[in-house]
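In what follows, a structure is listed as structure tokens, so that the remarks can point back to it.
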Amino acid sequence: MIDVYKYSILKDVGLIIQYHQNNITKERMKQLKSNIINDKDFNPKFGFIVDIRKAKVNLTENELLEYGNWVNENLKLTGLMRLVLLTSTPDHVTKTIIFSLNENISPLQYKTFSTLAASVKWLNIDLENLDFIEKEIEILSTP
């Protein structure tokens, strides 16, 4: 299976989607996050969803903490304030709890959800956009 690391910036919706499928590694996640931050359409006022529902998180607790520090250092400079981790398994929830215990990630507000609708609602994005967002994630899931 091919590892998928993709993103989409939905300017009309005010949303950034970071999508992962299969194996996740710290270095590839950092590269993707860098690409997003450096994209000309990146806007820190947009909501941000990291979708790991179809991914296997292959990071140790230490790597998760290191990645959390890196995210903090790089996102704090952009002013990004709201991020959702979209998960599907208890293992994902455990990994996101470790990520969230990293106190260095403030003032970034982040939550973990298992449904796209709850994620979109928490990000204050109109639920009328839900079908469009689901279709965009489906496109991202194609290797």
Exercise for review: For residue 45, list the lysines whose Cα falls under 17 Å from its own Cα; do not include residues on the same chain fewer than 8 positions away.
Suggested key: 11, 33, 76, 111, 121
Check your understanding: residue 43 versus residue 139, label points 7 Å from Cα toward the beta carbon: distance in nm?
Key -> 1.7
Point to revise | residue 3 paired with residue 126, simple spin-label distance in nm, labels 7 Å along Cα-to-beta-carbon | key: 3.9
Practice item. Going by C-beta contacts inside 10 Å, put 111, 40, 11, 6 in order with the fewest on the left. Key: 40, 11, 111, 6
Review point. Where in the range 1-35 does the amide nitrogen come within less than 15 Å of the point 7 Å from the Cα of residue 54, taken along Cα to Cβ?
Key: 1-8, 18-24
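Computed from the coordinates by the stated procedures, all read-outs in this text should not be read as laboratory data. Fair warning: this is a prediction, and the values are worked out from it, not measured in the lab. Please note: Cβ atoms are built from the backbone with ideal geometry, for glycine as well, and neighbour counts cover all protein chains shown.
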